[in-house]
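Asks: Below is one structure. I have some questions about it.
Read-outs throughout are calculated quantities, based only on the coordinates presented, and are distinct from any laboratory measurement. Note that this is a predicted model, so its numbers are computed, not measured.
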Amino acid sequence: MPAVSVDMPQGGCRLSLWKDGQASISYGAMPRWVRVTPGTFDFERMIELLRSRLSPQGDDRPYDGLSAGTVALPGSEALRRIDDVAWVRSLLEQAWKARMAPSRDSSAEDRDWIAKVCSFAE
């Protein structure tokens, strides 16, 4: 399980981060993903940035089904609201640009599928 994830829209294109610097892009619950070069994101800084961009009432207000995306933070099972579509998209684009070449863990087919459903330019 990732330590932090943010998706836009909720259940859609997802960036997952682990404490050890690993990251991946996936889409919802689909078993397809693209690994991101380790170290692309600073884990602690990302938590700070995500918390600062949560919707009004931030960390105390769970996802209500109306916001543009969701954040899952460490130590909490609750999804939090995030409405900063442009910023989340910039994170996803940054991750896409830092994607790793397909390996045994992720195939070129997965990469192509993620590119299509998340609308990444090749």
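Asks: Which log10 I(q)/I(0) values does the chain give at q = 0.12, 0.14, 0.20 Å⁻¹ under the Debye formula, counting every alpha carbon as one identical point scatterer?
Replies: Evaluating at q = 0.12, 0.14, 0.20 Å⁻¹ gives log10 I(q)/I(0) of -0.39, -0.54, -1.09.
Asks: Tell me, what are the semi-axes, in whole angstrom and largest first, of the equivalent ellipsoid of the stretch 76-122 as set by the roots of 5 times the Cα gyration tensor eigenvalues? Write down the numbers at each step before the final one.
Replies: Values: eigenvalues 113, 42, 19 Å².
One finds semi-axes of 24, 15, 10 Å for the stretch 76-122.
Asks: Under 1.5 on a/c is rounded, so check that first for the stretch 4-48, then, if it is not, pick prolate when a/b is larger than b/c and oblate when it is not; a ≥ b ≥ c are the square roots of the alpha carbon gyration tensor eigenvalues. Mind showing how you got there, number by number?
Replies: Working: a/c = 2.78, a/b = 1.48, b/c = 1.88.
Verdict is oblate for the stretch 4-48.
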